[in-house]
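Heads up, the thing below is written out as structure tokens.
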Amino acid sequence: MITLAKKDNNEKNEIQEKPRETPVEFLASLAAVLVTGLFIITFVVQAFEIPSSSMENTLLIGDHVFVNRIVFAPKTSWAGPLLPYRQVRRGDIVVFLHPDAAYAGTYVVKRIMGIPGDRIHLRDRVVYRNGEPLQEPYLDTDQDNPSDFYRNDFPAVAPSDPNISPRWEAELPSHVEGGDLVVPPGHYFAMGDHRGVSLDSRYWGFIPQENVIGRPMFIYWSFDTPGDQYQKTGMADRLGFLAHVVLHFFDETRWGRTLKVVR
């Protein structure tokens, strides 16, 4: 007869407990998270607020967007195969540093209309690229002025607008061939979607490739903001608007624009 030995019911099961995190380990983990976040904010994405109406209705005043800083950056040997680098294309919306020295350090957002080698002209407000009229369903034409001949028939009409950069006014004729503006190597021609109010490459010239910061990806928050708010730089004005945002966060946030992809 075979007897089976029973295990002692009082036998304690061994339980391995995870060691508690020491203060030094906690600080090391926190530092790693902060460094990773700082790297992403500095080199990968950056937050921008749209201050003017020049890109309506694609981007509204008070839209807050995340900008991809990697996509147009120069390729690196170690990360080239891993990151989605590409060249700027026609129709891309880009954030860039203003090319006019008078606005040095100012960030601007426009749509790329011409890349190196493209021939651009406007006739009666229609953009022609390499001889073909463009179909632009995104345009906001509510403030188009048919009598603004320089804006509407560029570059056929001599500059006569006080908004034109003196540097560009002097340089413009050297880039015109057969009635077309020819985009030089390493530069881009850009315009706003709100065509009747946009001060763009027609007024300050080409965008150097090195001035391009990145491409807006999506709107993470949009708040109904006055058109002149960006001009109010005084501390009292800023604090006043901050208080307004806190009080009206829910009723003046444009919830329908949240997470909208920028195209």
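The values are calculated or read from the model by the stated rules, or taken from the named source; none is laboratory data. This one's a predicted model, so the numbers in the text were calculated from it and none came from an experiment. Cβ placement follows ideal geometry from the backbone for every residue including glycine, while neighbour counts extend to all protein chains displayed. Quick note on the areas: whole protein, heavy atoms, side chains included, nothing else; ligands and nucleic acids left out. Shrake-Rupley method; radii C 1.70, N 1.55, O 1.52, S 1.80 Å.
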Exercise. Residue by residue, what Karplus-based ³J(HN,Hα) values in Hz, rounded to whole numbers, does the range 252-263 have, using 6.51, -1.76 and 1.60 with θ = phi - 60° and x for Gly and Pro?
Worked result: 10, 6, 8, 4, x, 8, 4, 6, 6, 6, 8, 9
For this session: Estimate the FRET efficiency between Asp237 and Tyr138 by the formula 1/(1 + (r/R0)^6), using the beta-carbon distance for r and 22 Å for R0, to the nearest 0.05.
Result: 0.10
Exercise. How would Thr141, Thr225 line up by accessible area, probe 1.4 Å, largest first?
Worked result: Thr141, Thr225
Seminar exercise, completed: Rounded to whole Å², per residue accessible area for the range 135-258 with a 1.4 Å probe reads 52
Problem set entry | Separation in nanometres of the label points that stand 7 Å from Cα toward Cβ, at Trp255 and Ile70 | 3.3
For this session: May I ask you to compute the full-extension gain from Glu171 to Tyr220, defined as 0.36 nm times their residue separation minus their alpha-carbon distance, rounded to one decimal in nm?
Result: 13.7 nm
Seminar exercise, completed: Relative contact order of the range 140-213 (C-alpha contacts under 8 Å, at least 6 apart) in percent is 36
Seminar exercise, completed: From most to least accessible, 1.4 Å probe, no ligand or DNA/RNA atoms counted, Glu132, Glu210, Glu169 line up as Glu210, Glu132, Glu169
Exercise. Carbon and sulfur together cover what percent of the accessible area of the range 118-263 at a 1.4 Å probe radius?
Worked result: 56
Exercise. In terms of solvent-accessible area of protein heavy atoms at a 1.4 angstrom probe, what is the ranking of Arg257, Arg90, Arg215, highest value first?
Worked result: Arg90, Arg215, Arg257
